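Asks: Mind having a look at this structure? Questions to follow.
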Amino acid sequence: MAVSHSAIVILGASGDLAKRKLIPALATLFEQGEIDHTNVIIGSGRSEYTDAAFRARFDIPGDFASLLFYYAGVTGLKKFIESKGRFDQIVVFMALPPSVYSLRAKELADEGFRDETRLIIEKPFGYDYASARQLNDQLHEVYDEKQIFRIDHYLAKEAVQNILVFRFANTLFDPIWNSRQIESIQLSAFETIGVEDRGEYFDTAGTIRDMAQNHLMQLLCLMTMEAPVSLEAEEIRAQKINVLKTISIDSVYRFQYEGYRKERGVRPDSTTETFAEIKLYINNFRWTGMPVYIRVGKELNRKGTEIGIQLKPLPKLLFNQDGRVQANRVIFKIQPAEGIILDLSSKTPGSENRLAQTTMKFCYETEFDVEIPEAYQTLLLDALRGNKTLFVSAQETEMSWQKYADFLDKGEIDFYKPGAPPKTKLDVNWIDFERYGSACD
């Protein structure tokens, strides 16, 4: 059923996020019938707008525009909402700098936003373990954990959500999903761009904080967790937490692309990493002894986020007497072209047992004749419905920060030329994900 009688508040509504992502996502949900005309959407910020001027900022249809209102600041905001009608819930999206999350949460509570309120906040959730715990403690002083929705955009991607379906709706894969059959798991997140206009933020964070500690750890948990008892959010979170408890990071190597220190907003003597290699282990019965490798960075030769499951090689028998047959792989393409690829061996037609590598692929774009929803559409609708499956808990954020505590800003920085990843320092045969780049394009 469509979401009804809800007040949706966007703090920081005069900013870029509301214009590019939030309002267009809500407009699409309205057009699809997921939210109806009994809702109101109230933008709030430091700028002064009339309702008409606020609506004019967006390219939206008139029937949806009638739901939009504007109110400057937080003081008196609750009474303003009440003047628009009676609402069963108030969902507040903080399109704000993370440094003011706790302050704004307290201001909202002081204004009378209580049990009917849900808060949506963006990453980063802290700068390290201590700051993440402090932020969570401050939020919990005024709101219960069940009211707080921490966004991780990667969890809203269809390819990520399909990981659980792939694993737990197909009996074909469960028998091999362990360290007895899998040699390694490799996660790769490459970008062709540099820091662009995010230099000031990125230079205080680095790629480990920006990507590895949150997005890629969440992907790894989904890929390796045990089957939940049900698909309830708390059951899935419990299994992700069980994975996080067992992770031990073995080594981290940091790199920086040449020219980074000349980027706008970057310190001239910066030692912030723009590329990182990570090796870790999951110390439980399913995954003991199997390494997990992560590569993540900017200014590289390609754009793409993938997970590679490298199975163990065949014994040197039958078709593999010379040891040349490549082991099977499962490739999860998270972005930009979502899909799942099985890398297999097959006989070359007309030959005498000459083998070739072939692929079986499942691609979203060709498999389904539907538009893949944008991440904010999924996340906003789930928050309105109270579904926390795609949101990150306080315990997950703190535990993930804990795992990286001994590696943040530590170690030497090596340099690499833009346009290619640096030479690896890990003893691993990296999967060439570029080989699968056009599989689902």
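The values are calculated or read from the model by the stated rules, or taken from the named source; none is laboratory data. Given the structure is predicted, the values throughout are model-derived calculations rather than measurements. Note that we place each Cβ from the backbone using ideal geometry, even for glycine, and neighbour counts take in every protein chain shown.
Asks: Regarding Asp369, is this residue loosely packed, with under 13 Cβ neighbours inside 10 Å and touching a helix residue (DSSP H, G or I) at 6+ places or on another chain (Cβ under 9 Å)?
Replies: Working: loosely packed, with under 13 Cβ neighbours inside 10 Å: yes; touching a helix residue (DSSP H, G or I) at 6+ places or on another chain (Cβ under 9 Å): no.
So Asp369 does not fit the description; no.
Asks: Please go through (1) without any contact (Cβ under 8 Å) to a residue 24 or more places away in the chain; (2) out of contact with any Pro (no Cβ under 9 Å at 6 or more places or on another chain) for Lys262 and return the number of the only condition it doesn't satisfy.
Replies: Against the list (1) without any contact (Cβ under 8 Å) to a residue 24 or more places away in the chain; (2) out of contact with any Pro (no Cβ under 9 Å at 6 or more places or on another chain), Lys262 comes up short only on (2).
Asks: Say whether the condition of being in a helix (DSSP H, G or I), out of contact with any Phe, Trp or Tyr (no Cβ under 6 Å at 6 or more places or on another chain) and not hydrophobic (A, V, I, L, M, F, W, C) is met by at least one residue in the stretch 27-37. Outline the logic, then answer.
Replies: First, the residues of the stretch 27-37 that are in a helix (DSSP H, G or I): 27-31.
Checking which are out of contact with any Phe, Trp or Tyr (no Cβ under 6 Å at 6 or more places or on another chain) leaves us with 28-29, 31.
With not hydrophobic (A, V, I, L, M, F, W, C) added as a condition, the list becomes 28, 31.
Within the stretch 27-37, one or more residues are in a helix (DSSP H, G or I), out of contact with any Phe, Trp or Tyr (no Cβ under 6 Å at 6 or more places or on another chain) and not hydrophobic (A, V, I, L, M, F, W, C).
Asks: Now for a different question. Being hydrophobic (A, V, I, L, M, F, W, C) and in a loop (DSSP other than H, G, I, E, B) is the filter here; which residues of the stretch 168-198 pass it? Talk me through it step by step, then tell me what you get.
Replies: At the first step, the residues of the stretch 168-198 found to be hydrophobic (A, V, I, L, M, F, W, C) are 168-169, 172-173, 176-177, 182, 185, 187, 189-190, 193, 195.
Once the filter is applied, which keeps residues that are hydrophobic (A, V, I, L, M, F, W, C) and in a loop (DSSP other than H, G, I, E, B), the stretch 168-198 yields Ala169, Leu172, Phe173, Trp177, Ile193, Val195.
Asks: Of the residues that sit in the stretch 381-404 and are assigned to a helix (DSSP H, G or I) and of a type in the set (D, E, K, R), which one is farthest from Ser6 (Cα to Cα)?
Replies: Quick first cut of the stretch 381-404, residues assigned to a helix (DSSP H, G or I) only: 381-385, 394-403.
Of the ones still in play, those that are also of a type in the set (D, E, K, R) are 382, 385, 396, 398, 403.
Numbers: Asp382: 13, Arg385: 10, Glu396: 29, Glu398: 31, Lys403: 39 Å.
Per the criteria, the residue is Lys403.
Asks: Turning to a different aspect of this structure: Report yes if Ala383 is out of contact with any Ser or Thr (no Cβ under 7 Å at 6 or more places or on another chain) and at pLDDT 95 or above, otherwise no. Let's see the steps before the verdict.
Replies: Values: out of contact with any Ser or Thr (no Cβ under 7 Å at 6 or more places or on another chain): yes; at pLDDT 95 or above: yes.
Spelling it out, Ala383 is indeed out of contact with any Ser or Thr (no Cβ under 7 Å at 6 or more places or on another chain) and at pLDDT 95 or above.
Asks: A further question follows. Can you tell me which condition Gln181 does not meet? The list is (1) at pLDDT 95 or above; (2) touching a Leu at 6+ places or on another chain (Cβ under 9 Å); (3) surrounded by 19 or more Cβ atoms within 10 Å (Cβ to Cβ), and all the others hold.
Replies: Of (1) at pLDDT 95 or above; (2) touching a Leu at 6+ places or on another chain (Cβ under 9 Å); (3) surrounded by 19 or more Cβ atoms within 10 Å (Cβ to Cβ), only one is false for Gln181: (3).
Asks: List every residue pair whose Cβ atoms lie under 9 Å apart, where the two residues are 6 or more positions apart in sequence or sit on different chains, the first residue falls within the stretch 164-183 and is among the aliphatic types (A, V, I, L, M), and the second residue, located anywhere, is assigned to a helix (DSSP H, G or I).
Replies: Close Cβ pairs (under 9 Å, with a partner that is assigned to a helix (DSSP H, G or I)) amount to Leu164/Leu222; Leu164/Ile236; Ile182/Ile176.
Asks: Something else now. When you scan the stretch 121-140, do you find a residue that is surrounded by fewer than 21 Cβ atoms within 10 Å (Cβ to Cβ), among the β-branched types (Val, Ile, Thr) and in contact (Cβ under 8 Å) with a residue 24 or more places away in the chain, even just one?
Replies: No, every residue in the stretch 121-140 fails to be surrounded by fewer than 21 Cβ atoms within 10 Å (Cβ to Cβ), among the β-branched types (Val, Ile, Thr) and in contact (Cβ under 8 Å) with a residue 24 or more places away in the chain.
Asks: Which of the residues belonging to the stretch 333-375 are part of a loop (DSSP other than H, G, I, E, B), more than 18 Å from the chain's Cα centre (by Cα) and either within 24 Å of Pro313 (Cα to Cα) or of a type in the set (D, E, K, R) (or both)? Break it down stepwise before answering.
Replies: Residues of the stretch 333-375 part of a loop (DSSP other than H, G, I, E, B): 336-338, 348-354, 368-374.
Filter once more, so that each one left must be more than 18 Å from the chain's Cα centre (by Cα): 348-354, 368-371.
Residues satisfying the conditions are Thr348, Pro349, Ser351, Glu352, Asn353, Arg354, Asp369, Glu371.
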